[in-house]
1. Looking for something in a helix (DSSP H, G or I), out of contact with any helix residue (DSSP H, G or I) (no Cβ under 7 Å at 6 or more places or on another chain), modelled with pLDDT of 90 or more and buried (at least 17 other Cβ atoms within 10 Å of the Cβ) - is there at least one such residue anywhere in the stretch 103-114?
2. For the stretch 124-157, enumerate the residues that are surrounded by 14 or more Cβ atoms within 10 Å (Cβ to Cβ) and farther than 19 Å from residue 11 by Cα.
3. Inspect the stretch 173-192 for any residue being outside any helix (DSSP H, G or I), farther than 30 Å from residue 83 by Cβ and either touching a strand residue (DSSP E or B) at 6+ places or on another chain (Cβ under 7 Å) or without any contact (Cβ under 8 Å) to a residue 40 or more places away in the chain (or both) and give the result as yes or no.
4. If the Cβ limit is 6 Å and pairs must be 6+ apart or interchain, which residue in the stretch 74-88 that is closer than 14 Å to residue 98 by Cα pairs with which residue that is in a strand (DSSP E or B)?
5. Specify the residue that is farthest from residue 55 (Cα to Cα); the eligible residues are those in the stretch 76-96 that are within 48 Å of the chain's Cα centre (by Cα) and surrounded by fewer than 16 Cβ atoms within 10 Å (Cβ to Cβ).
6. Of everything in the stretch 48-57, what is within 12 Å of residue 103 (Cα to Cα) and surrounded by fewer than 21 Cβ atoms within 10 Å (Cβ to Cβ)? Give them in sequence order.
7. Condition (residue is over 23 Å from residue 116 (Cα atoms), over 47 Å from the mean Cα position of the chain (by Cα) and without any contact (Cβ under 8 Å) to a residue 12 or more places away in the chain) applied to the stretch 36-54: is it met by at least one residue?
């Protein structure tokens, strides 16, 4: 019986394949990628909103390319928060204090933290699945190795038994040959058999 035919090896291999091909593992991988994208989007949006808050506060020129890009990028993210706090002019320049940007940035940062927690939970669950699959695969490999070792041990025992049997047969044949040679030598030492002496009948009988 080979290692692949061993019931224990087949059981461990089947368990490892179930872990590796489990739909849960595939869903966890997909969900982790989606959650990571959402986390990156929320984090970048929070950074842009914070930047826009300080640009307004510093009275940055809205016609500058970078400033225009920041304002344009945060326009959609600011729609739910616009008007929460009325903008306040600071000083006599173009500086504007708009706490709506700051509130929006805080909300997006908190959302990013929550999404990061979900991402960490999914990552931990996926790693547990991967560890279970690796453990089952290692158990299958160990069981296969044990099966191969046992098979080799059985074959070695069978060869040793056959060698002992052959040696016993050779010894018996050698002893038979020695006994036969001894018997022949004993017969040769006795010499040819002696014929009995024949007596002539007396003359009166003629």
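1. The answer is yes, given that some residue of the stretch 103-114 is in a helix (DSSP H, G or I), out of contact with any helix residue (DSSP H, G or I) (no Cβ under 7 Å at 6 or more places or on another chain), modelled with pLDDT of 90 or more and buried (at least 17 other Cβ atoms within 10 Å of the Cβ).
2. 125, 126
3. yes
4. Sorted first by the residue in the stretch 74-88, then by its partner, the pairs are 87/96; 88/97.
5. Across the stretch 76-96, the extreme among qualifying residues is 80.
6. Correct list: 50 only.
7. yes
The values are calculated or read from the model by the stated rules, or taken from the named source; none is laboratory data. What you are looking at is a predicted structure, and each value in this text was computed from that prediction instead of being measured. Backbone-built Cβ (ideal geometry, glycine too); neighbour counts: all protein chains shown.
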